[in-house]
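Enquirer: This structure is in structure tokens; I'll ask about it shortly.
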Amino acid sequence: MDALVMAGGKGKRMGYDEKPMLLLGEKPLISYVLNALSDSRHIGRIYVAVSSGVPGTAAYVKDYPGERVSPVVTPGSGYIPDMAYAVNVLGLYEPVLVVSADLPLITPDIIDRTISAYWQCGKEALSVRVDAGKVPGEQDTILLDDGVPSIPAGINVVHGAHMDRSQEEYILILDEPGLAMNVNYKKDLALCERMMMANERHSRRS
């Protein structure tokens, strides 16, 4: 399955900085997403949707090592319109994994589990959510799925042949608090760094 990384936003809540290029542990946010996708067993090509508002991100993607990663320029009209534009321009008329560029705690295992769940669910689309009860701090968006409060993770599978209409969607709720740590404000960088350090300590003990 090919992947589309959404990285064209202007970062209004970040003071108009290029959010994908904000540094976390001396690496830009988008590098964590691209590395996880590159290490996934189920991902083929990786396209990154950029716009005129993120020239640094576009340059970084263009120079990213390997031939699997390439940018696609979108109008910068918003997340959903730019996603549909990219899918159509690239001719991605099969299921495609769509990931936000600001998910530094995403892992290849999470990506592989998401794709496996999609092929098993029998629906046209899939949306990854995180159990809100497992996430520390306040969250901007909390949804109710089957009575379970959950937080959108910024990871979806959509069928590229049906972008002109709503798609029947399977909700995958994961016990992965790190997926709720998308970086919307600069203060979120510090929280992500603490969680990354905690995960590293846990991995060393395991």
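Enquirer: With an 8 Å cut-off on Cα pairs and a minimum separation of 6 or more residues, tell me the relative contact order of region 1-100 in percent.
Expert: 37
Enquirer: How would Thr107, Thr114 line up from fewest to most surrounding beta-carbon atoms within 10 angstrom?
Expert: In order of increasing Cβ crowding within 10 Å: Thr107, Thr114.
Enquirer: Something else about it: Rounded to the nearest 0.05, what FRET efficiency do Tyr93 and Asp63 have when you use their Cβ-Cβ distance and R0 = 25 Å?
Expert: Efficiency for this residue pair is about 0.30.
Enquirer: Listed highest first by mean packing, meaning other Cβ atoms within 10 Å per residue, what order do 71-79, 54-62 come in?
Expert: 54-62, 71-79
Enquirer: Roughly what % of Cα-Cα distances in region 19-177 sit above 29 Å, to the whole percent?
Expert: 16
Since every read-out is calculated from the coordinates, none of them should be taken as a lab result. Quantities reported herein were computed from a predicted structural model and do not represent experimental measurements. Note that each Cβ is placed from the backbone with ideal geometry, even for glycine, and that neighbours are counted across all protein chains shown.
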